[in-house]
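Data block below; observations after.
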Amino acid sequence: MYDILKHTHLTAIGISFLLFFVRGYLMMRGSNAAKQKLFLIAPHIINLILIASGIGLAVLLHINPANQPWLATKLIALIIYIALGIATFKHPNLQVRKIFWLLALIVFAFIVSVAKSKNPLGFLAYLF
């Protein structure tokens, strides 16, 4: 069960990132392709699978964010990433949307670094 959940989670992360990156790139290029149903519906399904598999892993491994600072940090960063992702495609100003997109990509990298290192500072640990 662990292997299935882990691979599902990692695959969903990759697909979610790819869809977000490509949609953001298309948005910056002014392409109407960024408004296709694939980019409007698929991320919700993929992100639901991502979150469900993450919860499944936490339950299976008996990991509680209250006891694991790295997981709590990852969840807080996920909320920030989601907010930036929404702002990326909803803000009326294209230049502001581009900034939100870049910030969301940085937060995504931070989430991955926290998950891989199990350190709440993630890649920021190298600065301190």
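Taking Cα atoms only, the orientation of helix 2-28 departs from the longest principal axis of the chain by about 20 degrees.
Note on K116: lysines with a C-alpha under 24 Å away, same-chain residues under 8 apart excluded, are K6, K74. Projected onto their three principal axes, the Cα atoms of region 65-128 cover extents of 40, 25, 15 Å, largest first.
Looking at the chain from every direction and averaging, what is the projected area of its Cα convex hull in nm²?
On the way: hull surface 33.5 nm².
Projected area, direction-averaged: 8.4 nm².
Packing-wise, with mean Cβ within 10 Å as the measure, how do 60-72, 2-14, 77-89 rank, highest first? Could you put the intermediate results ahead of the total?
Working: 60-72: 12.7, 2-14: 14.4, 77-89: 17.0.
Top to bottom by mean Cβ count within 10 Å: 77-89, 2-14, 60-72.
Would you calculate, for the chain, the mean residue ellipticity at 222 nm contributed by helices, counting each DSSP H stretch of 4 or more residues as -39,500 (n - 2.57) and dividing by all residues, to the nearest 500? Could you put the intermediate results ahead of the total?
Values: 4 runs with 97 residues, N = 128.
Using -39500 (n - 2.57) per qualifying helix, the result is -27000 deg cm²/dmol.
Taken together, the values in this text are just the output of simple stated rules run on the coordinates, not laboratory data. None of the values given here were measured: they were computed from a predicted structure. Note that each Cβ is placed from the backbone with ideal geometry, even for glycine, and that neighbours are counted across all protein chains shown.
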